[in-house]
Amino acid sequence: MKQLVVAVALGALLALPAAATTFVRVADEALADQAPLAVVATVLARAAAPGRAATDYRLRVDEVLAGSAPGELVVRLPGGGAGKLRLKLWGVPAFRPGERTLLFLSPAGDGTWRVLHLFLGAFHQVRAGDRELAVRNLAEAHEVRVTPEGGVAPAPADAEPLRDFAAFARWVKARRQGTAPPDYRLPATEAEPLRALAAKATFFTVDDMRLRWFPFDSGGHVDFLAYSTGEQGLSGGGYSEFQTALNAWNAESQTPIDYRYAGKTSVANGLDEDGGDELSTIVFNDPHHLLSAFSCTSGGVLALGGPWYESGVETFHGEQFHPIAAADIVVNDGLSCFFSHSPNASKAAQELFGHELGHTLGLGHSCGDADGPDPDCSNATLSDALMRAFVHDDARGASLRTDDQQGIRSLYKQTTDGSVPAAPTGLVATPLGTHEIQLSWVDNANNETSYLVEFAALGEAFVQATPTLDANTTSATVSGLATATGYRFRVRARNAAGDSAYSNVAEAATNAPIAPCVADANTLCVHNDRFAVEVAWKIDTGATGVGTAVPIAADDGGLFWFFGADNPEMLVKVLNACVPSLGNKYWVFFAATTTVQFTTTVIDTQTGAVKAYFNEQGHRADAVTDVGAFATCP
């Protein structure tokens, strides 16, 4: 799926396809203890590894944190290559010459070095505000979590902390020399304003074209082989689970996908072959030790997979693609404990294999990417998808849901009926900063030529964000917006026959600059001046004004009047519900006795987060009880 940045004024476009590698997070302590070598280094050069589907990075070692190293070394990472076919592995880190990194490494046995646990041991130095952060790019990663009881669960949305680069390096060195407190992690109050800045960094090169199999269009099929050792921890070796996963995609009724199980093979080249062996395989137990072995104590990568694609292009429904020629999945060694702790090992394997097969077909994540529009999968439709970034492990197995079907149809559905496109659904708006809001939606059309995004400040008329977006787009960032302002958004698809109906309307407010609350005639400061509350009104003649604030004895709220001090229109409260039993949120409650149009704006001055509430002209104002207003505790 494509993501595009839509600048209201400039119209700049940036395509960011994404997919995943599956992992369980490894604690910083485990990385520091396990790594034979840890260094701070500068990338000098990048080149295709000779005779391998891999990329070599030549590094200058700036500081050795653990172990010993020469002044320069070569780190080899899978993916890329210079052969006829090139390998795309989602989740593998990539580096730019000149950038500075902090790496946990292990020897590869051929004079080069590997990143410990692949991307989990690679940190990029990223500037965010006045800070230099150590940041892992997990946007293409599919994360699961092992619970204290040994089960599997989605990873929490805030599982990845922000780390100060220099402090993290000092901690690694001190850890190897004894013990050291983890004082490199930024506190929540400092981390949240920087998180969006850090997430915008891009550490890998992606093609601006999607990948797609073309044999299905003419009745062809793709054979998949399974390595003859079988998967440890699964009764029967995992062969039936893999076939079930293949058939789940074949059963999608509106696409010609035809993945066939072709039996067992003793060939274990998998991803470790220059130019590919033109076989599509699932290789169990990582016989070539491509990955650091998985541990149910400390975690690691579960599986690594991707398509072999041609550098040339082919066209389908007017869109250019790189053709996929083969695909491989490597399942890591040591997963017996992972499957044994699942409530249903067979179903967990089906879901794991099915998710990875979705990536071999060209699909990215429905939701859950750390820098995506719905990182915590709050949209119920997207969260239900097989292709969300967290495993469900609820015995659903390899079950395609609504978003999976819509996504795969956008790649492979053959026919159109000449009608206007189907309307997009599931529009979600998420603030990115003081002037940007990111949108994501479900693409339900198979015959659109473009998408149009419209936006409006609360109470204003919709206008189009320029430019129009390409077919199959499912996200956009609207830039150039006013700060601390509430907006409405809607999206529609277009083709030669006309426009679709609009999507649902999504609302969000841009953030405010972080500044103390200053109480005045029109601003109410509550909770020790943490939250600022303002109200703007408009009557049917077009006259406008702002509410006059009236503090009350309680520190959590106050009154507003519009037309006279003897006639208060609104009581507003911001309530502290920062306890687990109440959801760890600040609540916003207010009641207004008016039919006048108004917008109530509440600002968390410690984080810049903003909530805006709108009442239409002539509508008897509803009471607002927003129990999820601010997830900014404490």
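Each peptide in 163-175, 546-558 was scored by the mean count of other Cβ atoms within 10 Å over its residues; highest first, the order is 163-175, 546-558. Most tightly packed first, judged by the mean number of other beta-carbon atoms within 10 Å of their residues, the peptides 526-538, 107-119 read 526-538, 107-119. The slack in the chain from Asp566 to Glu63, taken as 0.36 nm per residue of separation less the alpha-carbon distance, amounts to 174.1 nm. Ignoring ligands, DNA and RNA, what percent of the accessible area of region 559-634 is carbon or sulfur (1.4 Å)? The nonpolar share, carbon plus sulfur, comes to 55 percent. Computed extension gain for Arg620 through Arg185, at 0.36 nm per residue and net of the alpha carbon distance, reaches 151.8 nm.
What does the charge count around Pro97 come to, taking other residues whose C-beta lies under 14 Å from its C-beta (Lys +1, Arg +1, Asp -1, Glu -1)?
+2
What FRET efficiency do you get for Ala45 and Asn576 if R0 is 56 Å and r is their Cβ-Cβ distance, rounded to the nearest 0.05?
0.55
I want the local charge near Gln597. Using Cβ-Cβ distances under 10 Å, sum +1 for each Lys or Arg and -1 for each Asp or Glu among the other residues. Taking every Cβ under 10 Å from that of Gln597, the sum is -1. Each principal axis of the Cα atoms in region 399-440 has its own extent, and those three values, largest first, are 43, 30, 15 angstrom.
Between Glu72 and Val518, the FRET efficiency from the beta-carbon distance, with R0 = 35 Å, is close to 0.05. Per residue, the solvent-accessible area of region 409-522 (1.4 Å probe, heavy atoms of protein chains only, all protein chains present) comes to 38 Å². Using the basic label-point model (7 angstrom from Cα toward the beta carbon), what is the Val550 to Ser419 distance in nanometres? The two pseudo-label positions are separated by 5.6 nm.
Mind putting a number on the dipole of region 228-369 about its Cα centre? Charges go on the C-beta only, +1 for Lys and Arg and -1 for Asp and Glu, and I need it in Debye to the nearest 20. Approximately 540 debye in magnitude. Taking Cβ atoms as reference points and 14 Å as the exclusive limit, the residues near Pro551 contribute a net charge of -4, counting Lys and Arg as +1 and Asp and Glu as -1. Within the accessible surface of region 426-523, defined with a 1.4 Å probe on protein heavy atoms only, the carbon and sulfur portion equals 54 percent. When peptides 279-287, 585-593, 613-621 are ranked by their average number of other Cβ atoms within 10 Å per residue, the highest-first order is 279-287, 585-593, 613-621.
The values are calculated or read from the model by the stated rules, or taken from the named source; none is laboratory data. Because the structure is a prediction, the values reported are computed rather than measured. Methodologically, a virtual Cβ is constructed for each residue, glycine included, from the backbone with ideal geometry; neighbour enumeration extends over all protein chains shown. Keep in mind that these areas ignore ligands, DNA and RNA; they rest on the heavy atoms of the full protein, side chains included. Shrake-Rupley method; radii C 1.70, N 1.55, O 1.52, S 1.80 Å.
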